[in-house]
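Working notes, structure below.
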Amino acid sequence: MNWITYALMSTFLYGLWGILSKMALNHVNLTSLFVYDCLVFFIGGLIYLYLSDFKVETSFLGITYSILYGATGMIATLLFIVAVSKGKASLVTAITAIYPCITIVLAMIILKENITLKQFFGISLSVAGIALITV
């Protein structure tokens, strides 16, 4: 499969993830949901390690960025769960779904990646769309 297929499958699963979070919160508190979420990640990680040809890498920067990646993802997930517990899943998911705009801006600043005028226009439309659905 090519990268776009994986990206589309990921997008679908993130959409489902947003709905399932609210459904779970109708039956358990946010701390329980977070614990179960972390448990699934841990077990899934162990299964992936078992099935893959894993070799420990020792790059200091690689380890540092990996830990920061995991920490930001975990904190973002916890904050998402708190937001969904207090708000509408449709709005919370829509707002958090524009995180790629943050990634694009940070990639421009940190990684020195360039964006086209068309991409800038797309980012602007995304932000404007979120502003429209949340007011």
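The values are calculated or read from the model by the stated rules, or taken from the named source; none is laboratory data. Keep in mind it's a predicted model, so treat the numbers as computed, not measured. We place every Cβ from the backbone using ideal geometry, glycine too, and count neighbours over all the protein chains shown. For the accessible areas, the whole protein counts, side chains as well, though only heavy atoms, and no ligand, DNA or RNA atoms are used. Shrake-Rupley method; radii C 1.70, N 1.55, O 1.52, S 1.80 Å.
For the structure I just gave you, tell me whether TYR50 is assigned to a helix (DSSP H, G or I) and surrounded by 10 or more Cβ atoms within 10 Å (Cβ to Cβ). Taking the combined requirement at face value, the residue does not satisfy it.
Set side by side, the residues LEU39, LEU61 differ, and just one is in a helix (DSSP H, G or I) and exposed (fewer than 10 other Cβ atoms within 10 Å of the Cβ), which is LEU61. Do you know which residues across region 31-62 are within 19 Å of the chain's Cα centre (by Cα) and polar (S, T, N, Q)? THR31, the sole residue that qualifies.
Taking ILE67 as the residue in question, decide whether it is without any contact (Cβ under 8 Å) to a residue 40 or more places away in the chain, within 30 Å of ASN29 (Cβ to Cβ), open to solvent by 90 Å² or more (accessible area, probe 1.4 Å) and not hydroxyl-bearing (Ser, Thr, Tyr). For ILE67, the condition - without any contact (Cβ under 8 Å) to a residue 40 or more places away in the chain, within 30 Å of ASN29 (Cβ to Cβ), open to solvent by 90 Å² or more (accessible area, probe 1.4 Å) and not hydroxyl-bearing (Ser, Thr, Tyr) - is met. For THR93, state whether it is part of a helix (DSSP H, G or I), open to solvent by 60 Å² or more (accessible area, probe 1.4 Å), closer than 22 Å to LEU16 by Cα and not hydrophobic (A, V, I, L, M, F, W, C). No, not satisfied. Restricted to region 102-135, and to residues there that are surrounded by 10 or more Cβ atoms within 10 Å (Cβ to Cβ) and closer than 30 Å to ASN26 by Cβ, the residue that is modelled with the lowest pLDDT is THR134. Taking first residues from region 8-32 that are surrounded by 12 or more Cβ atoms within 10 Å (Cβ to Cβ) and partners that are of a type in the set (Ser, Thr, Tyr), the Cβ contacts under 6 Å between residues at least 6 apart in sequence or on separate chains come to GLY18/THR93; LEU25/SER85; LEU30/SER85.
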